[in-house]
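These notes concern the structure reproduced below.
The values are calculated or read from the model by the stated rules, or taken from the named source; none is laboratory data. Since the structure is predicted, the reported quantities are computational estimates derived from the model, not experimental observations. Please note: Cβ atoms are built from the backbone with ideal geometry, for glycine as well, and neighbour counts cover all protein chains shown.
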C-alpha cells in the first residue's frame, strides 16, 4: 500500500510541477502582452487580467502542493529537534493527522463552495466560477495523497519526518 501512495505521489508531483511551470510562464507572457498592448498600442486586452488572476489562483494552490511534497513549507522545528526519536515520531504522526484533517476540510468546503458559485460566470471570459474554485478541492486531494505517503513512511520506517 505504501508503494502505491508513493508512486501516485511522485507521479502526481512531477505532473503538477510541469503544470505550475507552464502556468507561471503563461501568466508572465499574458501580463507582458497586456502591458505592451496598453502602453505601446494604447489598446487594452479585456480578457488578460481575468486570465492572469485565474492562473494565479490555480498557481498558488497547486504550487503549495509542490512545496508540501518537497517539505519546503514553513515550519518551526526547534522543539521538534530536541525531542527524543520516539517523541519526533509521535509529533510527526500528530502533524500528519492534523494535516489530513485540514485537507479534508479543503476538499469538503471547496466542493461546497464550488457548488455554491456554479451558476455564476466570470465577466470577461464567461467561464463558470466553479472552474476557478475547483482548484481548492483538487489541491486538497493532492495534499492528501502526499500526506498519506508521508504518513506511511513515518509509520513504517520509524522516521519522525516521514521521509
Region 48-73 - residue that is under 20 Å from residue 124 (Cβ atoms) and touching a residue at least 40 places away in the same chain (Cβ under 8 Å) and, of those, nearest to the chain's Cα centre (by Cα): 58
Scan region 23-47 and report the pairs whose first residue is without any contact (Cβ under 8 Å) to a residue 60 or more places away in the chain and whose second residue is not in a helix (DSSP H, G or I), with Cβ atoms within less than 8 Å and a gap of 6+ or a chain change. 33/45; 34/44; 34/45; 37/43; 37/44; 37/45; 38/44; 38/45
Failed item, numbered, when residue 102 is tested on (1) within 13 Å of residue 150 (Cβ to Cβ); (2) at pLDDT 95 or above; (3) within 14 Å of the chain's Cα centre (by Cα); (4) surrounded by fewer than 18 Cβ atoms within 10 Å (Cβ to Cβ): (1)
Among (1) closer than 16 Å to residue 141 by Cα; (2) surrounded by fewer than 12 Cβ atoms within 10 Å (Cβ to Cβ), where does residue 61 come up short? (2)
So which residues in region 66-94 are assigned to a helix (DSSP H, G or I), surrounded by 10 or more Cβ atoms within 10 Å (Cβ to Cβ) and in contact with a helix residue (DSSP H, G or I) (Cβ under 9 Å, 6 or more places away or on another chain)? 66, 68, 69, 80, 87, 88, 89, 91, 92, 93
Of all the residues that make up region 35-46, how many are assigned to a loop (DSSP other than H, G, I, E, B) and surrounded by 14 or more Cβ atoms within 10 Å (Cβ to Cβ)? 1
